[in-house]
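Each remark here refers to the structure printed beneath this line.
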Amino acid sequence: MGLPNTQIPRDKLPECWSDDVRMNALFAPFRIKTANPESWDMKMKFWSEMVRQYCRHRTDPVISAADIKFAFQRKGRTPACIDIVIEEMYRNGELSPISKYLQILHNGPEGWAMWGARIAFKPAVLAVSTVLSLLPSRPQLDSDGLPKASIESTQRFILESAVKEQATQFLDNFPSGEQRLGTIDELMKITQWAGNRETLEILLGYLVSQGAAVKKGDVVKLAEPNKKAAAVTETDEALVKLTSAETRLEADMERLTKELNSADADARAALKLGNRLAAKNHLRRKHKISTRAQRCDAALENVRHLLHQMREVDSNAAIVDTYRTSSQAMKRTMKEGGLEEDSVFDTMDELKDVKESSPKQSDKKPIAVSEAADNGISIPKSTKPSKAWYPPPGDCLKPDTAWSESGVDASLKRLSEGFGELRMDQRLHPGQPLDVDFTTPPRHYVTDFQVRDHKRAPAGVWLYNHEDTSAELAPSTEYISTESPGKTGSSFLMAPGEGRRKQEPWHTDEEKTIEDLETRLNRLRGFNM
């Protein structure tokens, strides 16, 4: 076990604490320093460190000589040298008056300096007496010839090192997600402060002196760790007032709810006892409390709505500021990369001028393959000329399979009679080889009629494609497709006496089967099936 009054654990005590001979010498009063300065310095160092540990483990920077004597009792003895230790620490600047940081908190950082200035401008006698009372003079000697302290045992001081350490811990351990803004009471509630209000005010005063906190009126604004606090604005003051009003209204609402339940219980109890007059009185009281509760609830709802709007404004402002910063960064990056608007437009205009001034494809001279290869010039691909859908009659009307003799005679006979043939071309596009079956019986047309923009073939054979088939195409019909086969919306010029009729798309024909569609798909893929 350590010292219960100091809250210092046993393992933190010095090793000599269990040595009676050593501790008797340390508990004894100070001798004259000039007699044995090494022993005097060693005792002063020992008790100074014990005072620091006392403040550190109690998390309270306020001390007095009487408190130290009571805390470090050992076997019924109290250290008789503590008064001199406290006085020496005060003289060295380790201790400060307790009013220092309280004045800084309530009067600003200049409060402590103004307090010292007022002392300087007082009459000489009053100033000397004030300074002597706060800055103790040299220790006097008592009746036994030992040094005597000039301070009171109950006079309280602040340990500077403990204030700095505890204030930093308070700022770092502030609950995340909570607003670092409010009155001192609200900050105590948010942080669940276990000490007294005076100690917290001392820590806040130190933070104000370091710029880590700002106080305006009753509002205290804390900064993030390792940052400076911003000034308290009117919005901050309004937010604190609304928060205080919300807390107060919530407490009133809780109290009114308890009173309402109590009045209701009293009315029910009086009614059970048969005392109708008392029950009516309790009900009247309940009605009044209910009316007040409704007003309080409406006010609380309004306050919460205002708080929500104010917090949304801060959030939206932060988002807009982020957008502004990102936009500026993007503009700066584009400017550094040469992607300004004027530069881009100039480049596009120059590219357009280059295209317009470049020679046309027809004006270019052909380049020999060997010469281009030697010069490292890539030969541009020439535009492939479009092929006619139907080749010349001399090329396309030559069947791959030999006609039968009877078939030739029959064809010549039909030609002599003035009839021609219509044969089915199975190709899907002009690039494929001619696919005409000359072995099957053809369809016929009268050779006296001419198809528009076409001449009758010498062999008397005309080709048509899938898209040209329709119910109107009958024997002795002359026609022409104005569009390439395979396209929808083809228009035809029918035989004399007939009008123009629009061909329906092939995929709308209900008689088409899945096998036909599959055959078309294979032909599109280049398979001659």
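Tabulated data
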{"item": "Heavy-atom surface of the range 234-339, accessible at 1.4 Å and reported per residue (Å²)", "result": "74 Å²"}
{"item": "S357 versus K331: modelled label distance in nm, points set 7 Å from Cα along the beta carbon direction", "result": "3.4 nm"}
{"item": "Under 22 Å, Cα to Cα: Lys pairs in the range 234-339, sequence gap 8 or more or different chains", "result": "7"}
{"item": "³J(HN,Hα) computed for each position of the range 232-245 - Karplus, 6.51 cos²θ - 1.76 cosθ + 1.60, integer Hz, glycine/proline x", "result": "7, 9, 5, 5, 5, 5, 5, 5, 5, 5, 5, 5, 5, 5"}
{"item": "For peptides 272-285, 180-193, sequence by mean Cβ density within 10 Å, most packed first", "result": "180-193, 272-285"}
{"item": "Cα gyration tensor shape of the range 130-280, rounded if a/c is under 1.5, else prolate or oblate by comparing a/b with b/c", "result": "oblate"}
{"item": "Accessible area in the full protein assembly, largest first, 1.4 Å probe, for E340, E38, E515, E246", "result": "E38, E515, E340, E246"}
{"item": "Ranked by how many other beta carbons lie within 10 Å on average, peptides 198-205, 88-95, 53-60 from highest", "result": "198-205, 53-60, 88-95"}
{"item": "Residues with amide H under 5 Å from that of G182, placed H, sequence gap 5 or more", "result": "V220"}
{"item": "Cα-only radius of gyration and Dmax that characterise the range 234-339, units Å", "result": "26.5, 94"}
{"item": "Accessible carbon and sulfur surface of the range 234-339 relative to its total accessible area, %, 1.4 Å", "result": "55 percent"}
{"item": "Out-of-range pairs (alpha-carbon distance over 30 Å; input K100/K221; K75/K148; K45/K75; K69/K216; K75/K189; K12/K75)", "result": "K69/K216; K75/K189"}
{"item": "Environment charge at L222 (Cβ cut-off 12 Å; Lys +1, Arg +1, Asp -1, Glu -1)", "result": "0"}
{"item": "Rounded, prolate or oblate (a/c below 1.5 giving rounded, otherwise prolate when a/b exceeds b/c) for the range 1-58 by Cα gyration tensor", "result": "prolate"}
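The values are calculated or read from the model by the stated rules, or taken from the named source; none is laboratory data. What you are looking at is a predicted structure, and each value in this text was computed from that prediction instead of being measured. Positions of Cβ are backbone-derived with ideal geometry, glycine not excepted, and every protein chain shown enters the neighbour counts. The area values use the complete protein model at the heavy-atom level, side chains included, leaving out ligands, DNA and RNA. Shrake-Rupley method; radii C 1.70, N 1.55, O 1.52, S 1.80 Å.
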